[in-house]
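Here's the structure we're looking at; comments come further down.
The values are calculated or read from the model by the stated rules, or taken from the named source; none is laboratory data. In this text, all values refer to a predicted model and were calculated from it rather than measured experimentally. Note that each Cβ is placed from the backbone with ideal geometry, even for glycine, and that neighbours are counted across all protein chains shown. Ligands, DNA and RNA are excluded from the accessible area calculation, which covers all protein heavy atoms including side chains. Shrake-Rupley method; radii C 1.70, N 1.55, O 1.52, S 1.80 Å.
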Amino acid sequence: MGVGAGQDLLASGDTRATLRAAAEMPLGTLADLTVLQFTLPGLGSDLVVANADPAAARRVEQALRAHEGTLRRALVRRTERGLRSLWLRGVTANGLRAALGEADPALLALLHEIRANSVIVAPLEGRDARLGFMGFVRHPGREGFGAAEFAAAVVFARRAGLSIHAAALQEQSGEAVATRDRAERAAERWAQVFERAGWGAAIIDAAAGRIELVNLAFARMHGFASPSEVAGRPFGSVFRVETDAGDEVGATLPAGGAVTYETRHRRADTGAAFPVLVDLTALEGGGPPAYVAYVQDLSGFRRAEDRLREAQRMEAVGRLAGGVAHEINNMMTIVLGFAEDLSADPALPGGRRNDVAEILRAARRAAAISGQLLAYSRRQVMQPQLVNVCDAVRSTAQLLRQTLPSDVHLALDLPTDPVSARVDPVQLDQVLINLAFNARDAMLEGGRLTIRVARRQLDEAFGWRKLGTAVAPGPYAAVEVSDTGVGIASEVQARIFEPFFTTKPAGRGTGLGLSTVYGIVKQSGGYVWVDSQEGEGSTFTVCFPESPPEVKRDQFGPDRRRRPSEYRTGTVLLLEDEPALRRLAARVLRGAGHRVHEAATGGEALALLRDANVPVDTLLTDVVVADGSGRALLREVHTDRPDLPVVLMSGHPRQDLEERGLLEPGTRFLQKPFTPESLVRIVAAALDSR
């Protein structure tokens with residue numbers, strides 16, 4: 001990939017030629033396009049763009065210069081967030097938002113214009129100053145940059161920056177003595193870079209096959225207290241590779257040139273293995289044969305990849321849970337509606353009335369489980385408002401003290417000043433109760449349960465370190481729920497927020513408690529994690545973005561809700577592809593005095609709508625119809641009957657439908673499962689709007 005060619009860069013005293021060589025070296029194996037933005041004494045600030053196709057390079061350069069302001073703003077945001085390097089596996093709005101704090105449409109358009117499918121940006125640093133940045137771009141059709149390629153790109157940018165700076169120093173001097181002095185100082189700097197670098201570096205005597213010198217980072221990475229403990233050791237005793245059979249053997253030096261590979265090394269103190277990226281480059285210059293080795297610890301990148309895969313898996317499971325909940329909502333609307341209608345029959349015998357009551361209780365429990373699934377999938381219908389988290393904890397604690405066992409002592413640690421967040425108060429209560437009951441189950445012989453509220457400042461570095469993903473920086477309202485229970489094994493922690501995952505015996509819990517917590521917190525824009533060790537208890541931390549208190553206004557007024565007998569009636573065109581649900585809705589509406597025309601498809605509804613003998617005062621339709629004709633019907637209604645009131649209903653939540661473009665904001669919407677009263681009320685409101 002050209003990473004080992006830094007010596008060729010140093011050989012050039014022409015800064016422009018060095019810049020061009022640095023830009024072109026990674027082309028092919030590592031990147032399809034590279035960009036060098038630099039600021040150098042005597043040369044000023046400029047861009048160098050390298051691409052296999054010179055015409056394409058010129059087009060990219062023109063695009064970058066035309067959007068110079070967009071690039072400058074992105075670099076400023078990146079610097080403000082304390083980022084040295086940037087890695088976008090895929091160029092998306094969400095990726096930009098995570099990396100820069102916002103998804104700048106102009107920057108996204110620019111990246112698409114230069115055909116960027118995956119991007120790495122690394123600082124271009126000279127002797128003692130930042131020269132600019134180096135960007136590596138892959139075009140569509142190639143796999144996005146991985147962790148190993150990110151590490152290689154960062155190392156290459158470091159070496160390129162030093163080489164460019166060295167070339168600039170040589171170019172500035174017109175006298176041989178001055179050039180020699182600068183070269184000596186550069187060599188001293190190189191020595192300092194070698195000693196103080198954050199990545200491992202070693203010099204190997206090729207003839208003896210022994211490690212001649214290492215820097216402190218290399219020694220500590222491999223479990224040695226100082227570099228002197230590594231010097232003199234055989235090359236293969238420290239540098240290890242894995243065979244196809246999975247065995248570890250000593251690595252061998254290549255026959256000249258450069259080689260880069262991934263493997264696993266072991267620490268000398270603990271024996272623990274860790275993934276590394278090794279770059280071996282032969283040193284040239286007429287002296288004894290030697291190699292320089294750069295070793296990058298990939299443990300952090302591997303953890304980030306694992307957490308990314310876990311997040312993607314959780315998202316996939318969440319989508320599945322949301323789909324299941326939608327079907328449950330459809331069925332529960334039917335069960336609840338017919339059961340309530342049956343229970344209102346005065347001729348129903350007493351014994352049968354009790355049976356219907358049991359059906360209603362079971363159906364409401366199923367609907368509650370559906371709500372938990374929607375909460376996990378972050379598709380729950382939320383009603384956020386400004387909440388004093390301390391007051392919410394005090395209120396929930398009163399309930400918990402009555403329900404927790406007597407051998408569980410509940411303690412509160414709350415600040416005197418209010419800590420506010422914009423959340424759904426009912427959902428916040430559910431989070432606290434689920435976490436408290438989870439703690440109760442971990443303290444089989446009693447113990448101490450502590451709920452603590454505090455302000456916390458989160459930043460992107462904390463997110464990557466703790467959660468393996470970027471977090472929105474800023475102040476948060478944090479709630480910690482700690483117990484003195486048995487703790488949680490590390491392998492269990494990896495799955496603890498999955499729906500239906502539980503370590504409890506059969507019959508004790510549904511496995512939805514912590515997954516519900518996860519879904520509510522994520523849908524509220526927050527974060528949740530657990531710190532635990534077996535035998536030492538657990539602490540669950542929930543963080544919601546903090547919101548400043550608002551001035552309360554008088555919201556009191558007369559109750560304007562009308563009685564059912566006061567509702568306006570009319571002719572309703574009902575489109576619902578589920579027969580039982582269609583019969584239920586039609587029965588309820590006819591019972592309220594409406595005339596109802598039923599349709600099972602969008603085509604049937606459109607035919608009725610266009611029939612001059614069928615007056616229609618309002619349209620009640622499911623959003624997602626099985627044959628896909630619902631959207632076509634709505635387009636026709638908006639064109640032919642723009643004044644016709646429309647009510648949409650679905651088992652999918654409003655937020656999900658709006659995100660998918662199936663529901664316009666402000667449209668009348670009826671969430672399934674619904675009650676007969678809510679159905680009659682929303683249809684009456686639609687008729688009132690005519």
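Identify the residue in the stretch 601-626 that is open to solvent by 30 Å² or more (accessible area, probe 1.4 Å) and among the small types (Gly, Ala, Ser) and, among all such residues, is farthest from the chain's Cα centre (by Cα). Quick ask: steps written out before the conclusion?
We begin by selecting, within the stretch 601-626, every residue open to solvent by 30 Å² or more (accessible area, probe 1.4 Å); these are 601, 603-604, 606-608, 610-613, 615, 617, 624, 626.
Within this subset, residues satisfying the condition of being among the small types (Gly, Ala, Ser) are 603, 607, 612, 626.
Working: 603: 41, 607: 46, 612: 53, 626: 32 Å.
Filtering first and then ranking leaves 612.
Does residue 78 satisfy being in a helix (DSSP H, G or I) and either without any contact (Cβ under 8 Å) to a residue 40 or more places away in the chain or in contact with a Lys or Arg (Cβ under 6 Å, 6 or more places away or on another chain) (or both)? It is false that residue 78 is in a helix (DSSP H, G or I) and either without any contact (Cβ under 8 Å) to a residue 40 or more places away in the chain or in contact with a Lys or Arg (Cβ under 6 Å, 6 or more places away or on another chain) (or both). When the criteria are applied in full, residue 193 fails the requirement of being of a type in the set (A, V, I, L, M), in contact with a Lys or Arg (Cβ under 9 Å, 6 or more places away or on another chain), open to solvent by 20 Å² or more (accessible area, probe 1.4 Å) and at pLDDT 85 or above.
Looking at the stretch 345-358, can you tell me whether even one residue there is in contact with a helix residue (DSSP H, G or I) (Cβ under 7 Å, 6 or more places away or on another chain), crowded, with 20+ Cβ neighbours inside 10 Å and either of a type outside the set (S, T, N, Q) or at pLDDT below 75 (or both)? Checking the stretch 345-358: not a single residue is in contact with a helix residue (DSSP H, G or I) (Cβ under 7 Å, 6 or more places away or on another chain), crowded, with 20+ Cβ neighbours inside 10 Å and either of a type outside the set (S, T, N, Q) or at pLDDT below 75 (or both). Can you spot a residue in the stretch 152-170 that is closer than 19 Å to residue 45 by Cβ, touching a Lys or Arg at 6+ places or on another chain (Cβ under 9 Å) and either part of a strand (DSSP E or B) or open to solvent by 50 Å² or more (accessible area, probe 1.4 Å) (or both)? Scanning the stretch 152-170, I find no residue that is closer than 19 Å to residue 45 by Cβ, touching a Lys or Arg at 6+ places or on another chain (Cβ under 9 Å) and either part of a strand (DSSP E or B) or open to solvent by 50 Å² or more (accessible area, probe 1.4 Å) (or both), so the answer is no. Checking each residue in the stretch 386-417 for being of a type in the set (Val, Ile, Thr) and surrounded by 14 or more Cβ atoms within 10 Å (Cβ to Cβ) picks out 387, 389, 393, 396, 408. Only a single item in (1) of a type in the set (Asp, Glu); (2) part of a loop (DSSP other than H, G, I, E, B); (3) touching a strand residue (DSSP E or B) at 6+ places or on another chain (Cβ under 6 Å) is not met by residue 445, and it is number (3).
Does residue 68 satisfy the criteria of being open to solvent by less than 70 Å² (accessible area, probe 1.4 Å), of a type in the set (Asp, Glu) and over 21 Å from residue 147 (Cβ atoms)? In short, no. In summary, residue 640 fulfils each of the numbered conditions (1) over 40 Å from the mean Cα position of the chain (by Cα); (2) at pLDDT 85 or above with the single exception of condition (2). When residue 22 is tested against the conditions (1) within 12 Å of residue 134 (Cα to Cα); (2) touching a residue at least 60 places away in the same chain (Cβ under 8 Å); (3) part of a strand (DSSP E or B), the lone failure is (3).
Of all residues in the stretch 650-690, those that are under 27 Å from residue 338 (Cα atoms), modelled with pLDDT of 85 or more and not hydrophobic (A, V, I, L, M, F, W, C) total 2. The residues in the stretch 230-255 that are closer than 13 Å to residue 267 by Cα and open to solvent by 50 Å² or more (accessible area, probe 1.4 Å) can be counted, and the count is 2.
Does the stretch 418-427 contain any residue that is closer than 19 Å to residue 530 by Cα, at pLDDT below 90 and open to solvent by 10 Å² or more (accessible area, probe 1.4 Å)? No; the residues of the stretch 418-427 include none that is closer than 19 Å to residue 530 by Cα, at pLDDT below 90 and open to solvent by 10 Å² or more (accessible area, probe 1.4 Å). Screening residue 470 on (1) under 20 Å from residue 528 (Cα atoms); (2) assigned to a strand (DSSP E or B) shows it passes everything except condition (2).
Yes or no: the stretch 89-105 includes at least one residue that is of a type in the set (Gly, Ala, Ser), modelled with pLDDT of 85 or more and surrounded by fewer than 18 Cβ atoms within 10 Å (Cβ to Cβ).
yes
For the stretch 126-154, give me each residue that is among the hydrophobic types (A, V, I, L, M, F, W, C) and touching a helix residue (DSSP H, G or I) at 6+ places or on another chain (Cβ under 6 Å).
Step one: list which residues in the stretch 126-154 are among the hydrophobic types (A, V, I, L, M, F, W, C), which gives 129, 131, 133-134, 136-137, 145, 147-148, 150-154.
Matches in the stretch 126-154: 131, 134, 136, 147, 152.
Of all residues being more than 32 Å from the chain's Cα centre (by Cα) and not in a helix (DSSP H, G or I) in the stretch 52-73, which is nearest to residue 119 (Cα to Cα)? Just the residue, please. Filtering the stretch 52-73 for residues that are more than 32 Å from the chain's Cα centre (by Cα) and not in a helix (DSSP H, G or I), the one nearest to residue 119 (Cα to Cα) comes out as 52. The set of residues in the stretch 572-591 that are surrounded by fewer than 20 Cβ atoms within 10 Å (Cβ to Cβ) and either closer than 12 Å to residue 679 by Cβ or modelled with pLDDT of 90 or more (or both) comprises 586, 587, 590, 591.
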